[in-house]
Every structure is written in C-alpha cells, then in structure tokens.
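Novice: One structure follows; several queries about it will come next.
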Amino acid sequence: MCSQQLKPPLRVVLCFCQSGGQWLLATAGDDGYVRLWHEADITAAATTNSEASAQPAADADGMDMNTDSQQQSVVAAAAVQIPHVSNPLGISEGNQPAAQVLAVNEQHQQLFVGASDGGVHVVDVPHLLAGAAGAAGPNIPQQSATAAIRSLSGHAAGVLGLDYSAATQQLASGSEDGTVRIWDCTTLQCINTISPCNEVVVPQDQPLQQLRCVMSKPVTCLKFDQGGRWLLAGNGNGSLTLWNCTLNAPAKHKGTSKSTPQALLLTPSTVYMAGTDKRLYRYTFLLEDAKTFQIGAESAYGMALDAETGMLAVCGSKGCIDLLSPIGATLGVIRPPSSVLIN
C-alpha cells in the first residue's frame, strides 16, 4: 500500500490516467502543482521497501535499524504549477491558487484541474511528460508549461467538483459561487451555466445574474451519468439536484440531511451519496426511497463501484476505506498504513 509525504501541500487530490500505454498517478494540492508519477516506479519502490522492512539492517552493536532514510522514495515524472485566472469579481487571492479537484479524459489523455481561484485548467499529459523529459528535473520550463496547459475562466469562486462525460465530450465544473458550468471540450467554451440550488438556467449573456448566484449555497460535488444525459449536483445546504441535460431543466431537487454531499456515484438505477457524516445514502435514480447505511469514515470524499461484483468502496478521512455489498452490508473497513515516501 502506498502513501504520500508531499512537501509542502497539506491537502492532496489524485486520480489515475494513461499515456503511451503506461499508467500514471496524477496528484495535485495546496501548492498548485500538478504532478505525474509512473505507477511502475511506485510499485517498484513499494516492493523494495517491503523487502527492506522484512529484513531490518543492524548497526555495529547488533541493534535493528529501520528508518525512513533507508526507504526508497519515488520522484515525480513531471510537474507543473497551475496559473492564476481572471475572476469575474475582480478578486485576486494574492497567493498561488490551490488545485482542489481532478478529473480525467482518458481518450484524449487530458487532466482537468479545478482551482481555488475559480480557474479550470486542461492539462495535456503527453505534452507535460515531453516537456519534463527535456528538463533537468520534473518541473517543466515555462514555454513547455504554456503548451501543456489551457486555462478556462468564468467561475467567481473556487471549483470544488469536476466530472467529464466521454459520451458528450463535456466537462462539468461546480463552484463555491453556486453555479455549475458546462464546457464543450472540443472548443473549450462554456456552453451552459446553471444554478442547481435555485433550479434555474443562468443566461450566458447576463453576467450580473451569474454573480447573484454567489449568494447561493456552493456546489460541493457533481457527477454525470454514463450517457451524459443527466447531471447530479450536491449542494452546500445538504440537497441534491438532478438535472436533465437534454431538456436543460431540473428533474428533481431533494433535501437529504444535515450531511453536506462530498461524493456521488450514479448507476442506471441507483444514486449513492456520502458526505460529512458517517452514513452512505442510497436512492433510486429519481432520488426516491432513501436508505442509509453506517460507514467508518467521518467525512467521505470518494466512491468507486466494481461493475462485476457490485461491491462499493467509500474512501474518507484518515485513510479510511469502507467496503460494502450491493445491498449496503459492511464487508470491512480498511485503514492503510504508510509505507512509501513520495518526494
């Protein structure tokens, strides 16, 4: 099991992507850097460190010695810092924006990065790796960075949620400004803006109305269905909004609980939601017949479903991973130890 010791970011988001037939781990955090790590390097380091732990070294007095300095660390294959973007309110943080959320377009080998200043960045993974290949270290030169990153502006506050639909080639970004923006990834243009909490479309040609949405609750997470025809948004007031993308209209708005949604998962018949309490919520696709299940994580921020077995994994604070059966029965709780240093 691999863990990260990142310097200096305190919060880290991650996802897996592919380039050139190789799996990569993409990480981003409070320092605004996006880093790519070869999965093979992480696996090799984990194996080496596991073997070293099983056979601790001895000093001259015969005392066991097994310190972090003896562990093999992993070096990033490429790294680039996201730039500032213009803010519709004219507000500048003054500091480097943090990278808060990631999404991936596997077909076109792109990473999408949501930032604390409202920016949405499109990172070309092959360009990033190529730029790092010609540099002395993982940080790529500014000229290569410009070619590897396209930045999109429009949100008035930090981006908290991203999801890409391969079926429609659209990206959805949810923000603290209370809006979801839909981007056409072929043109990198915003084609729609909605306010899920208010259940309305926000006209593109009325920027003042868009800014009024800042008074709404933030959009904390979002998820497309497999066909890109439906979009589910979690709101800061604990509600969920199901949006019909074909009709460009709300289909259902439902208050959930005191829990703020932080992770969503959609299947053709079921919606799963987890957030800031120790519960997993399961609904029908139209957000009816709510059922709740206890989980170990005090604050959940990610979910994955095994299509073959129906087993659900919910990851949360303090490295807690809950494993549940298709009917919600707890199969186990994993609390992974630290074993690999990633510098």
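Novice: Modelled with pLDDT under 70 and open to solvent by less than 70 Å² (accessible area, probe 1.4 Å), is that true of D59?
Specialist: Details: modelled with pLDDT under 70: yes; open to solvent by less than 70 Å² (accessible area, probe 1.4 Å): yes.
So D59 passes the test.
Novice: Select from segment 182-196 the residues that are open to solvent by 20 Å² or more (accessible area, probe 1.4 Å) and in a strand (DSSP E or B) and write down the one among them that is farthest from A251 (Cα to Cα).
Specialist: Q189
Novice: Still on this model: Which members of segment 271-304 meet the condition of being out of contact with any Gly (no Cβ under 9 Å at 6 or more places or on another chain), part of a strand (DSSP E or B) and surrounded by 15 or more Cβ atoms within 10 Å (Cβ to Cβ)?
Specialist: V271, Y272, R279, Y283, M303, listed by residue number.
Novice: Of the residues G238, G161, G178, only one is in contact (Cβ under 8 Å) with a residue 60 or more places away in the chain and among the small types (G, A, S); which? Spell out how you get there, then give the answer.
Specialist: Details: G238 fails: in contact (Cβ under 8 Å) with a residue 60 or more places away in the chain; G178 fails: in contact (Cβ under 8 Å) with a residue 60 or more places away in the chain.
Selected residue: G161, the only one of G238, G161, G178 that is in contact (Cβ under 8 Å) with a residue 60 or more places away in the chain and among the small types (G, A, S).
Novice: If C213 passes every condition in (1) open to solvent by 20 Å² or more (accessible area, probe 1.4 Å); (2) within 21 Å of A115 (Cβ to Cβ); (3) not in a strand (DSSP E or B) but one, which one does it miss?
Specialist: Unmet for C213, out of (1) open to solvent by 20 Å² or more (accessible area, probe 1.4 Å); (2) within 21 Å of A115 (Cβ to Cβ); (3) not in a strand (DSSP E or B): (1).
Novice: What's the number of the only condition in (1) open to solvent by less than 70 Å² (accessible area, probe 1.4 Å); (2) part of a strand (DSSP E or B); (3) modelled with pLDDT of 85 or more that V13 fails to meet?
Specialist: Single failed check for V13: (3).
Novice: Now for a separate question. Please determine whether any residue of segment 88-109 is modelled with pLDDT of 90 or more, touching a helix residue (DSSP H, G or I) at 6+ places or on another chain (Cβ under 8 Å) and not in a helix (DSSP H, G or I).
Specialist: The answer is yes; a qualifying residue exists.
Novice: Oh, and also: If L171 satisfies all but one of (1) part of a strand (DSSP E or B); (2) over 18 Å from Q107 (Cα atoms), what's the number of the condition it fails?
Specialist: Every listed condition holds for L171 apart from (2).
Novice: List the number of the failed condition for S173; all other conditions in (1) crowded, with 23+ Cβ neighbours inside 10 Å; (2) under 12 Å from G114 (Cβ atoms); (3) touching a Ser or Thr at 6+ places or on another chain (Cβ under 8 Å) hold.
Specialist: (3)
Novice: Of the residues A78, A45, A52, only one is surrounded by 20 or more Cβ atoms within 10 Å (Cβ to Cβ), more than 27 Å from T220 (Cα to Cα), at pLDDT below 90 and not polar (S, T, N, Q); which?
Specialist: Numbers: A78 fails: at pLDDT below 90; A52 fails: surrounded by 20 or more Cβ atoms within 10 Å (Cβ to Cβ).
On inspection, the qualifying residue turns out to be A45.
Novice: Can you tell me which residues in segment 96-109 are out of contact with any strand residue (DSSP E or B) (no Cβ under 6 Å at 6 or more places or on another chain) and either hydrophobic (A, V, I, L, M, F, W, C) or buried (at least 21 other Cβ atoms within 10 Å of the Cβ) (or both)?
Specialist: A98, the sole residue that qualifies.
Novice: Shifting gears a bit: I'd like the residue in segment 199-210 that is open to solvent by 40 Å² or more (accessible area, probe 1.4 Å) and of a type in the set (V, I, T) and, out of all such residues, is nearest to G275 (Cα to Cα).
Specialist: V200
Novice: Listed residues T260, T246, T241; which is within 27 Å of Q169 (Cβ to Cβ) and either open to solvent by less than 20 Å² (accessible area, probe 1.4 Å) or in contact with a strand residue (DSSP E or B) (Cβ under 6 Å, 6 or more places away or on another chain) (or both)?
Specialist: Numbers: T260 fails: within 27 Å of Q169 (Cβ to Cβ); T246 fails: either open to solvent by less than 20 Å² (accessible area, probe 1.4 Å) or in contact with a strand residue (DSSP E or B) (Cβ under 6 Å, 6 or more places away or on another chain) (or both).
Among T260, T246, T241, only T241 is within 27 Å of Q169 (Cβ to Cβ) and either open to solvent by less than 20 Å² (accessible area, probe 1.4 Å) or in contact with a strand residue (DSSP E or B) (Cβ under 6 Å, 6 or more places away or on another chain) (or both).
Novice: Could you tell me which residue of segment 305-343 is modelled with the highest pLDDT, considering only residues that are assigned to a loop (DSSP other than H, G, I, E, B) and within 14 Å of Y281 (Cα to Cα)? Before you say what the answer is, go through the steps one by one.
Specialist: Looking only at segment 305-343, we keep the residues that are assigned to a loop (DSSP other than H, G, I, E, B), and these are 306-311, 320, 325-329, 335-341, 343.
Imposing the further condition that a residue be within 14 Å of Y281 (Cα to Cα) reduces the set to 325-329.
Values: S325: 91, P326: 84, I327: 83, G328: 85, A329: 88.
It comes out as S325.
Novice: Please give the number of the condition L266 fails out of (1) on the phi < 0 side of the Ramachandran plot; (2) open to solvent by 50 Å² or more (accessible area, probe 1.4 Å).
Specialist: Only one criterion is unmet by L266, namely (2).
Novice: Here is a list of conditions, (1) hydrophobic (A, V, I, L, M, F, W, C); (2) at pLDDT 95 or above; (3) in a loop (DSSP other than H, G, I, E, B), and A135 meets all of them except one; can you say which number that is?
Specialist: (2)
Novice: Looking only at segment 196-213, decide whether some residue is closer than 25 Å to Y33 by Cα and touching a residue at least 60 places away in the same chain (Cβ under 8 Å).
Specialist: Here is the first cut: in segment 196-213, the residues closer than 25 Å to Y33 by Cα are none.
Checked segment 196-213: no residue is closer than 25 Å to Y33 by Cα and touching a residue at least 60 places away in the same chain (Cβ under 8 Å).
Novice: Restricting to segment 25-42, name every residue that is touching a Cys at 6+ places or on another chain (Cβ under 9 Å), modelled with pLDDT of 90 or more and more than 19 Å from G119 (Cβ to Cβ).
Specialist: L25, L36
The values are calculated or read from the model by the stated rules, or taken from the named source; none is laboratory data. Predicted, not measured: the structure shown is a model, and the values here were computed from it. All Cβ positions, even for glycine, are placed from backbone atoms using ideal geometry, and neighbour counts span all protein chains on display. We work out accessible area using only protein heavy atoms, side chains counted, and drop any ligands, DNA or RNA first. Shrake-Rupley method; radii C 1.70, N 1.55, O 1.52, S 1.80 Å.
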